[in-house]
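Step one of this worksheet: look at the structure below.
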2 protein chains.
Amino acid sequence: MRITALAGGIGGARFLRGLLHHLNARELPSDVTVIGNTADDITLHGLRVCPDLDTVMYTLGGGIHNDQGWGREDEEFTVAGELAAYGSGPGWFTLGDRDLATHIVRTRLLGEGMTLSEATATLCERWRPGVRLLPMSDDRVETHVVVDDPADGQVPGDGPIPTRAVHFQEWWTRLHASVPARQILAVGIEAARPAPGVLEAIREADVVLLPPSNPVVSIGTILGVPGVRDALRNTAAPVIGVSPIIAGAPVRGMADACLTAIGVETSASAVAALYADFLSGWLVDEADAGEVSPPERVPVVRSRPLLMTDLDASAAIAGAALDLAAGIRQAAHG
Amino acid sequence: MRITALAGGIGGARFLRGLLHHLNARELPSDVTVIGNTADDITLHGLRVCPDLDTVMYTLGGGIHNDQGWGREDEEFTVAGELAAYGSGPGWFTLGDRDLATHIVRTRLLGEGMTLSEATATLCERWRPGVRLLPMSDDRVETHVVVDDPADGQVPGDGPIPTRAVHFQEWWTRLHASVPARQILAVGIEAARPAPGVLEAIREADVVLLPPSNPVVSIGTILGVPGVRDALRNTAAPVIGVSPIIAGAPVRGMADACLTAIGVETSASAVAALYADFLSGWLVDEADAGEVSPPERVPVVRSRPLLMTDLDASAAIAGAALDLAAGIRQAAHG
């Protein structure tokens, strides 16, 4: 079975770990391709950092800091201390020593002329994540967030409030998404080409999965790469999404702040509407069972517990997504 | 007093630390400019490493690993372990975590368009070495060593032995200079321009010092930068050298292997001959007191203990070099 999944960071990675666990436990032969979001990539200290790709790679390769969900386990921060002593780079994004090695190798490979796809494949030779990990694009796309930037001493009503665009990571990590996003821009996305294999992986899949990743800055940017959305609309495979919203709140992260920025309410139903043009099935939590009503928006909706509390829970959710796909395929062919 | 010193790595750095100690102890107001060798620079993991500049910067800035003479004190090797796990870079050159931060910052600054001079000055803002540290050139010069590279199973007499050129660091660090150097090449030196301030620092100095650095791959490459040797010949300042050879053996390092490669015997006298066209005074160890005979080669030779056993010993040697310069200046003006 050829499975293709679109993934952001922590939520996507945990879902994928559950998926692989499920496939292994059932001894289901399968090829899994993961199309990773690269729009939260950032250059720090001259090193190219790809947080979502790395979170997937570390999680599936056994190197992730489990409690944290991102970064390396048993991490050290000696280099970060030295970089700070040099006054280098932003203080709000600390790279651990182990993690840093990944960025050093990636930056060297890119500098030697490799594409991000090739560099990612090379990094994965170490981690053997058990999936084919593809960046959504080899072209640089970076999410920027437009925030209010009032002048010194400016009070409400005191004329229009100036805005400025900050890198997504600054908004997310430094500002903890607490400053309202007036606009979310995926800079470079119009010119970005899907990385080699991305469109084929969607077209030729038996199942396409949308893990419970951020619908705006993770799944949303992947969908924004020209050609990806069309491939999803046209693939013969069922496309199954797992809601990242439970009972009106994001399972983790700050998806609500991102949804608000694009004028979408924080609900499983509203997220399904973002995917309505290509979604075959939608898994929502039991708390949202009554909320999304087929067939207007999504052909099939199933509800079940969606909290990925541990590996078994994640595996069960992934299994339910595959079961939903199988049912849809059967119905189509029966 | 304007003092300009040419310097390689460990020997040069220890001499300079002694010099600063001497100047401070005597409360002698002075500006010290150090022209550092950059021909053993190397790019590792995509990061630009400048071993001699860093050894001077760390030694004078208080960050050096004292026993070792190079690298940072209290060093860690977490990143190196990760880089090895990726199979990245040569296994024979291990970069410590603290040291690595320097290379990351330097590489970023160079990538942002700074010259090596500017990047070095920026790094020195942290270390405050108490000298103006200039690279010999902002252009890339790299010492390569031609070594025998016999074919598999080739025995002596079995036709000409093929050779190959390896980076100086590979010869020095991996091969420990145990494979004879057939030739030592400073690749890029003909086109290298002296870094801003280098020629002026020699021309406008009150004293020029040559610490006991390697006469071939440290002082030798600095002298090879077009314009430097002429500046030394024409400066009004006395040029005082400190022999790196004591009783026919290098004080430290493997200078003998380098001297052999260029067909020069390992003696204080033979090294003085390399500098004879510009040297005003030459400090040799007591063991070599009878060996160099003025005035044929060098105007003035003095002998004294030259082992830099501790800071006081280094300071005394530096003081003796300054005294020798003062005597020569006095004689010239008297």
*Being away from chain B (no Cβ under 11 Å), farther than 28 Å from A:Gly224 by Cβ and not acidic (Asp, Glu) is the filter here, so list the residues in region A:38-67 that pass it.*
A:Gly62, A:His65, A:Asn66
*Among the numbered conditions (1) closer than 30 Å to B:His103 by Cβ; (2) buried (at least 24 other Cβ atoms within 10 Å of the Cβ); (3) of a type in the set (A, V, I, L, M, F, W, C); (4) within 17 Å of the chain's Cα centre (by Cα), tell me where A:Phe15 comes up short.*
(1)
*asked:* So A:Glu265 passes all but one of these: (1) in a loop (DSSP other than H, G, I, E, B); (2) within 17 Å of the chain's Cα centre (by Cα). Which condition number does it fail?
replied: (2)
*Can you tell me which residues in region B:81-101 are within 8 Å of chain A (Cβ to nearest Cβ), within 24 Å of B:Val166 (Cα to Cα) and not in a loop (DSSP other than H, G, I, E, B)?*
B:Leu83, B:Leu100
_With the condition being more than 23 Å from B:Glu118 (Cα to Cα) and hydroxyl-bearing (Ser, Thr, Tyr), I'd like the strands (runs of 3 or more DSSP E) fully within region B:151-231 carrying at least 3 qualifying residues._
none
*Is it the case that A:Val105 is out of contact with any Asp or Glu (no Cβ under 6 Å at 6 or more places or on another chain), facing chain B (nearest Cβ under 9 Å) and within 24 Å of A:Thr33 (Cβ to Cβ)?*
yes
*Would you check if there is a residue in region A:290-313 being closer than 30 Å to A:Leu175 by Cβ, touching a Ser or Thr at 6+ places or on another chain (Cβ under 9 Å) and in a helix (DSSP H, G or I)?*
no
*Being of a type outside the set (S, T, N, Q) and facing chain B (nearest Cβ under 8 Å) is the filter here, so list the residues in region A:68-79 that pass it.*
A:Glu76, A:Val79
*For region A:232-262, enumerate the residues that are within 15 Å of the chain's Cα centre (by Cα), modelled with pLDDT under 95 and small (Gly, Ala, Ser).*
A:Gly253, A:Ala255
*What pairs can you find where one residue is in region B:20-41 and crowded, with 21+ Cβ neighbours inside 10 Å, the other is among the acidic types (Asp, Glu) and not in a helix (DSSP H, G or I), and their Cβ atoms are less than 8 Å apart, with a gap of 6+ or different chains?*
B:Ala39/B:Glu142; B:Asp40/B:Glu142; B:Asp41/B:Glu142
*How many of the residues making up region B:75-94 are modelled with pLDDT under 95 and within 21 Å of B:Leu123 (Cβ to Cβ)?*
2
*Within region A:230-261, can you find the residues that are more than 28 Å from A:Ser178 (Cβ to Cβ), of a type in the set (S, T, N, Q) and buried (at least 19 other Cβ atoms within 10 Å of the Cβ)?*
A:Thr235
*Quickly run through region B:110-132 and pick out the residues that are within 8 Å of chain A (Cβ to nearest Cβ) and within 20 Å of the chain's Cα centre (by Cα).*
B:Leu123
_List pairs: first residue in region B:165-184 and under 7 Å from B:Val145 (Cα atoms) and in contact (Cβ under 8 Å) with a residue 24 or more places away in the chain, second residue surrounded by 15 or more Cβ atoms within 10 Å (Cβ to Cβ) and of a type in the set (Asp, Glu) anywhere in the structure, Cβ distance under 6 angstrom, at least six positions apart or on different chains._
B:Phe168/B:Asp40
*Considering only region A:83-99, how many residues are more than 23 Å from A:Trp171 (Cβ to Cβ) and in contact with a Leu (Cβ under 8 Å, 6 or more places away or on another chain)?*
1
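Could you tell me whether B:Gly63 is over 14 Å from B:Thr94 (Cα atoms) and either modelled with pLDDT of 95 or more or small (Gly, Ala, Ser) (or both)?
On the way: over 14 Å from B:Thr94 (Cα atoms): yes; either modelled with pLDDT of 95 or more or small (Gly, Ala, Ser) (or both): yes.
Yes.
Have a look at A:Asp54, A:Asp67, A:Asp74 and point out the one that is closer than 28 Å to B:Gly81 by Cα and surrounded by 20 or more Cβ atoms within 10 Å (Cβ to Cβ). So that I can check it myself, show each step before the final result.
Working: A:Asp67 fails: surrounded by 20 or more Cβ atoms within 10 Å (Cβ to Cβ); A:Asp74 fails: surrounded by 20 or more Cβ atoms within 10 Å (Cβ to Cβ).
The match here is A:Asp54.
With respect to B:Val141, determine if the residue is surrounded by 14 or more Cβ atoms within 10 Å (Cβ to Cβ) and touching a Lys or Arg at 6+ places or on another chain (Cβ under 9 Å).
no
The values are calculated or read from the model by the stated rules, or taken from the named source; none is laboratory data. As the structure is a prediction and not an experimental result, all values here were calculated from the model. Positions of Cβ are backbone-derived with ideal geometry, glycine not excepted, and every protein chain shown enters the neighbour counts.
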